[in-house]
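Taking it in order: structure first as structure tokens, then the write-up.
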Amino acid sequence: MKKVKIYVTLRESVLDPQGAAVQGSLHKLGYSEVADVRIGKYMELLIDPDGRDPETAVKEMCEKLLTNTVIEDYRFEVEEAVAQ
Amino acid sequence: MKFAVIVFPGSNCDLDLYHAVKDELGEEAEYVRHDSGDLSSFDGILLPGGFSYGDYLRCGAISRFSAVMGEIRKAADAGKPVLGICNGFQILTEAGLLPGALLRNKELKFICRTAGLTVTNADTMFTSEYTEGETIRIPVAHGEGNYYCDDQTLERLKLNRQIVFTYSEDFNGSREGIAGIVNERGNVLGMMPHPERAVHELIGGTDGLRLFRSIVKQWREAHVAHA
């Protein structure tokens, strides 16, 4: 089994009002060193590779359904799932 | 003229759309489920507002893979009028039938109010009953109505006159105030405002009715005049 961790954020060119609001709040709390905040989504998939390369399959899933590449960027990591 | 009102799990403006075309215009309308297979007997396709699949993942992201979407694509390719309102617009962009995407409103709030819209192109099958440049009053109700596209797409939209409605004042952050666009061919319209909620004086105006009248007029000219 493989564990896939997918990180999705709004593209650089897209304004992230949520991130901007959180950055403002962090500044108010005194964390003036925070230069930018981008808020995104995190997804975890458990995959049972069935002959198909998980990297290729996950890329396809991201492009088709999991993200909208018009507005979002994504990256992912594939690792061995540790048996519980 | 016979309209299909598509019903996705979570659609909630389907009744209003049905009422608008059936009761106010006196045309034929039928509800068609998201898992239906054939739309060939319909002359026009309407995708209602709502929260299909609970807006999970992204608005319209899951609906766009519904069985009925293949049929909607066929109808669009055949030149039939396809109108997506609110969540319907979001579904059409997710499906790639219209360019761009709908982001969360710039203030991150759900906005429910009546908006002034400028008719920026009265030369489409959806807007021929309006006058170009006229301001109409149509209700909006959305949390993700902030239209986004890249510079290149925006240029193309302008060049092909695909921007059909713009907001008279900015309240959701849409690029260039875009409220509604058509595809290049001009037979697929997506818009965030709800024309189906402006079809009777009792509910605050009839400015939306002319949109549906435009569709019917175009269809009659193309099909009935020769009968």
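Coordinate-derived values only; no laboratory data. Predicted model, so just to flag it, every value in this text is computed and none were measured. Reconstructed Cβ throughout: ideal geometry from the backbone, glycine too, with neighbour counts over all protein chains shown.
Per Stokes-Einstein, at 25 °C and 0.890 mPa s, what whole-number D in µm² s⁻¹ belongs to the stretch B:96-179, with the Kirkwood radius over Cα pairs as the hydrodynamic radius?
Working: Rh = 13.3 Å.
It comes out at roughly 185 µm²/s.
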Exercise. Across peptide A:3-12, how many C-beta atoms of other chains are within 10 Å of each residue C-beta, on average?
Worked result: 1
For this session: Enumerate the residues in the stretch B:1-19 having an amide nitrogen under 12 Å from the point lying 7 Å beyond the Cα of B:HIS223 toward its Cβ.
Result: B:1-4
Seminar exercise, completed: Diffing the stretch B:158-166: the Karplus 3J(HN,Hα) column from phi (6.51, -1.76, 1.60, θ = phi - 60°), in whole Hz with x for Gly and Pro, holds 5, 4, 8, 6, 8, 7, 9, 10, 10
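For peptide A:68-74, compute the average count of partner chain beta-carbon atoms within 10 Å of each residue's beta-carbon.
5
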Problem set entry | Neighbouring partner chain Cβ atoms per residue of B:199-205, average, 10 Å criterion | 0
Seminar exercise, completed: For the stretch B:1-149, the Cα gyration tensor yields equivalent-ellipsoid semi-axes (√(5λ), largest first, whole Å) of 22, 21, 15
Exercise. Any idea what % of Cα-Cα pairs in the protein assembly as shown are farther than 30 Å?
Worked result: 37 percent
Exercise. If we sort B:81-92, B:151-162, B:3-14 on the protection proxy, mean other Cβ atoms within 10 Å, highest first, what's the order?
Worked result: B:81-92, B:3-14, B:151-162
Problem set entry | Compactness of the stretch A:42-84 as Cα Rg over 2.2 N^0.38 Å, two decimals | 1.26
Problem set entry | For the stretch A:1-66 versus the stretch B:151-180, the gap between their alpha-carbon centres in whole angstrom | 28 Å
For this session: Determine the percent antiparallel among the DSSP beta bridges restricted to the stretch B:1-159, to the nearest 5.
Result: 50 percent
For this session: In Å³ and rounded to a whole number, note down the convex hull volume per residue for the Cα atoms of the stretch B:131-181.
Result: 79 Å³
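What is the Å³ per residue value for the convex hull set by the Cα atoms of chain A?
Once divided by residue count, the hull of chain A is 120 Å³.
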Problem set entry | Integer Hz, Karplus 6.51/-1.76/1.60 couplings in order for the stretch A:23-32, x for Gly and Pro | 4, x, 5, 4, 4, 4, 7, x, 8, 5
